[in-house]
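Asker: Can you keep this structure in mind? I'll have questions shortly.
Every read-out reported here was derived from the displayed coordinates using simple, explicitly stated rules and does not represent laboratory data. This structure is a prediction, so every number in the text was calculated from the model and none was measured.
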Amino acid sequence: MTRDPGADNRKPDLRKMRGDRAEAEAAAYLERLGYRIRERNWRCRTGELDIVATDGDVTVIVEVRSRRENGRFGTAVEAVTPRKCMQVRATAQVYLRFAGLEGVRTRFDVVAVTYDWADEITEVRHLSGAF
């Protein structure tokens, strides 16, 4: 096994760290609303579901997006593209089958987390039934 000489000098992946923090904040926000978190970062060959929760008798698939304020890539909500919606729906079908939840009421929500340029969270926006 060869050792990567630059491994000790790598900078942390700030984008991933912000994404992980946004998912944790989204889960905490949903729990405060009374949702029960069933899964976080559930993966299969078709993709990943950020959060699977229940809201009463409804299974809720939550896509979490984060962006910086006034960033050049648009808002967190704008990051949920039609292609992403299709991918999340396909992955949700696999999850529901795997979990024995086929036929249950299901909803797709988005939680958009906005950071300022000092990496402080300035907004958590929840779109219920987003797609």
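Asker: Grab the Cα-Cα distance for Arg15 and Ala118, subtract it from 0.36 nm times how many residues apart they are, and report the gain in nm with one decimal.
Answerer: 35.8 nm
Asker: What number, in percent, do you get for the relative contact order of the chain if the mean sequence gap of Cα pairs under 8 Å and at least 6 apart is divided by its residue count?
Answerer: This gives 21 percent for the chain.
Asker: Continuing with the same structure: Would you kindly calculate the translational diffusion coefficient of the chain, applying Stokes-Einstein with the Kirkwood radius from alpha carbon pairs, for 20 °C and a viscosity of 1.002 mPa s, and quote it in µm² s⁻¹ without decimals?
Answerer: 135
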